[in-house]
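Notes to accompany the following structure.
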Amino acid sequence: TQLLEQSPQFLSIQEGENLTVYCNSSSVFSSLQWYRQEPGEGPVLLVTVVTGGEVKKLKRLTFQFGDARKDSSLHITAAQTGDTGLYLCAVGMGNQFYFGTGTSLTVIP
Amino acid sequence: GAVVSQHPSWVICKSGTSVKIECRSLDFQATTMFWYRQFPKQSLMLMATSNEGSKATYEQGVEKDKFLINHASLTLSTLTVTSAHPEDSSFYICSAPWGGSEQPQHFGDGTRLSIL
């Protein structure tokens, strides 16, 4: 079983549409991060959420950390073609660092 | 600029060859580095945690003798894929944390390994 389950795994939408990506776990975390990765490159940090219930906004992206700090969501408003990529949630546990199962987003012009 | 440098970025070699991938932290020391493997359109799977001055910690199912990790200094970790076979072909990425392991990571740009 995966520590962090993301849904959906694949998402293809039209430019201008809204979408939400979910990251779920049965474990409690002190913090959680979201990354975006493009093919052939390393992931790039988007945000870190720390407090249960916390909401952070990054332009058209809204990130929320669940009240119990077991899950998180990423909402994109009015998606653009430049948002295409692999979105990954991630956490550090013990001396390891784990990624979620990933959501591959394609925004169609 | 990049704070973690990974080299080489692309390797193509024959089956049976051993391949070494380097991960260097630039301008900061990393007592811990992480090595990941990634298949197309899939997430990063943690292979092992590289610890400076001690043995690496491998994730379940990862062959220690197949994927040799050495963290000889505070700025360099290496992953050697020994006697590589086509099924070892993948994208390998290293990272080093900004602070503790729960902190955001600096990532290398990855190494595309293709075994013929």
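Tallying residues that are touching a Ser or Thr at 6+ places or on another chain (Cβ under 9 Å), under 20 Å from A:G92 (Cβ atoms) and surrounded by fewer than 17 Cβ atoms within 10 Å (Cβ to Cβ) within region A:29-50 yields 1. Any residue at all in region A:58-75 that is within 27 Å of A:I108 (Cβ to Cβ), small (G, A, S) and surrounded by 13 or more Cβ atoms within 10 Å (Cβ to Cβ)? Yes: region A:58-75 contains one or more residues that are within 27 Å of A:I108 (Cβ to Cβ), small (G, A, S) and surrounded by 13 or more Cβ atoms within 10 Å (Cβ to Cβ).
Among the criteria (1) within 11 Å of another protein chain (Cβ to nearest Cβ); (2) surrounded by 13 or more Cβ atoms within 10 Å (Cβ to Cβ); (3) without any contact (Cβ under 8 Å) to a residue 24 or more places away in the chain, the one A:G94 does not fulfil is (2). Taking the criterion of being more than 8 Å from every other protein chain (Cβ to nearest Cβ) and over 10 Å from the mean Cα position of the chain (by Cα), the residues of region A:45-60 that qualify are A:V49, A:V50, A:T51, A:G52, A:G53, A:E54, A:V55, A:K56, A:K57, A:L58, A:K59, A:R60. Residues in region B:43-56 that are of a type outside the set (A, V, I, L, M, F, W, C) and surrounded by 16 or more Cβ atoms within 10 Å (Cβ to Cβ): B:S43, B:T49, B:S50, B:N51, B:E52.
Residues are listed down the side, and each one gets a yes or a no for (1) in contact with a Leu (Cβ under 6 Å, 6 or more places away or on another chain); (2) of a type in the set (D, E, K, R):
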site	(1), (2)
A:L3	no, no
A:E15	no, yes
A:Y35	yes, no
A:L45	no, no
A:G52	no, no
A:V55	no, no
A:R60	no, yes
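Output the residues belonging to region B:102-116 that are assigned to a loop (DSSP other than H, G, I, E, B) and either surrounded by fewer than 18 Cβ atoms within 10 Å (Cβ to Cβ) or under 13 Å from the mean Cα position of the chain (by Cα) (or both). Selection gives B:Q103, B:G108, B:D109, B:G110, B:L116.
For region A:74-85, the criterion of being among the β-branched types (V, I, T), touching a residue at least 40 places away in the same chain (Cβ under 8 Å) and touching a helix residue (DSSP H, G or I) at 6+ places or on another chain (Cβ under 9 Å) is met by at least one residue. Checked against the criterion of being closer than 18 Å to A:S7 by Cβ and within 8 Å of chain B (Cβ to nearest Cβ), the candidates A:G100, A:G66, A:G85 yield just one match: A:G100. Just checking: which of the strands (runs of 3 or more DSSP E) contained wholly in region B:10-92 hold 1 or more residues that are more than 11 Å from chain A (Cβ to nearest Cβ), more than 21 Å from A:T101 (Cα to Cα) and not hydroxyl-bearing (S, T, Y)? Because the criterion is at least 1 residues that are more than 11 Å from chain A (Cβ to nearest Cβ), more than 21 Å from A:T101 (Cα to Cα) and not hydroxyl-bearing (S, T, Y), the strands (runs of 3 or more DSSP E) in region B:10-92 that meet it are B:10-13, B:19-25, B:67-73, B:76-81.
From the list A:S26, A:S12, which one is outside any strand (DSSP E or B), surrounded by fewer than 14 Cβ atoms within 10 Å (Cβ to Cβ) and either more than 10 Å from every other protein chain (Cβ to nearest Cβ) or in contact with a Gly (Cβ under 9 Å, 6 or more places away or on another chain) (or both)? None of the others qualify; the one that does is A:S26.
Only one of the numbered conditions (1) away from chain B (no Cβ under 14 Å); (2) closer than 13 Å to A:P8 by Cα is not met by A:P109, and that is (2).
Coordinate-derived values only; no laboratory data. Remember, predicted model here, so these are calculated numbers, not experimental data. Note that we place each Cβ from the backbone using ideal geometry, even for glycine, and neighbour counts take in every protein chain shown.
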